[in-house]
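The values are calculated or read from the model by the stated rules, or taken from the named source; none is laboratory data. Quick caveat, the model's predicted, so the values are computed rather than measured. Here Cβ is always computed from backbone atoms with ideal geometry, including for glycine, and neighbour counts include all displayed protein chains. To get the accessible areas, we keep the full protein, side chains included, count just its heavy atoms, and leave off ligands, DNA and RNA. Shrake-Rupley method; radii C 1.70, N 1.55, O 1.52, S 1.80 Å.
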Amino acid sequence: IEDEDAAPGYASLAASQFEVIENEGTGRLRVNRLGSAEGVLEVAYSSWASTATDGEDFVAPSGVLSWPDGDGSSRWIEFPVVDDGISEEPEFFQVWMEPEFEVSGAQNDATVVLMDPPSYSRWQRLW
């Protein structure tokens, strides 16, 4: 007997905050499929700028993540990060997912912190 109404599990961001170094080139946010791996699962995601500027600090991610029936592996939201070469405080933007249904405990939004690469000038002086 198969339950035709079995829930397909749900998507959840792996953290509420992700840190990305500007010179990494690409930011990656892990999204896990939790609950059941039965059925097809799709979740749309998008973003909005906070102190980080879309096009100058990062390219705003948006799209749809998909899992086929039986696939319980993680997916990634990826986006380009722009290394502006300017020494500055960390900058932020938000990512959120739009699930088909709300699940208690699911992490549907996260803050992305764009950070300057570590300064090596101090170490260069020592060598």
For the stretch 50-119 and the stretch 27-41, what is the separation of their C-alpha centers, rounded to whole Å? 15 Å
Can you tell me the accessible area per residue over the stretch 15-127, all protein chains present, probe 1.4 angstrom, in square angstrom? 59 Å²
Count neighbours as other Cβ atoms within 10 Å of each site's Cβ, and list the GluC sites (Glu not before Pro) in the stretch 14-108 that are DSSP loop with at most 11 such neighbours. Glu102
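I need the calculated FRET efficiency for the pair Ile86 and Ser62, taking r as the beta carbon distance and R₀ as 30 Å, to the nearest 0.05.
After rounding to 0.05, the efficiency reads 0.70.
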With every protein chain in place, the chain: carbon and sulfur % of accessible area (1.4 Å): 48 percent
Would you calculate the separation in nanometres between label points at Thr26 and Trp96, each defined as 7 Å from the Cα along the Cα-to-beta-carbon direction? 2.7 nm
Residue by residue through the stretch 37-51, which ³J(HN,Hα) values in whole Hz follow from phi under the Karplus form 6.51 cos²θ - 1.76 cosθ + 1.60 (θ = phi - 60°), with glycine and proline marked x? 9, 7, x, 7, 10, 9, 9, 7, 9, 7, 8, 8, 6, 10, 8
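Which FRET efficiency, nearest 0.05, do Gln107 and Thr53 yield, Cβ-Cβ r, R0 22 Å? Write down the numbers at each step before the final one.
Working: r = 25 Å, r/R0 = 1.14.
The calculated FRET efficiency here is 0.30.
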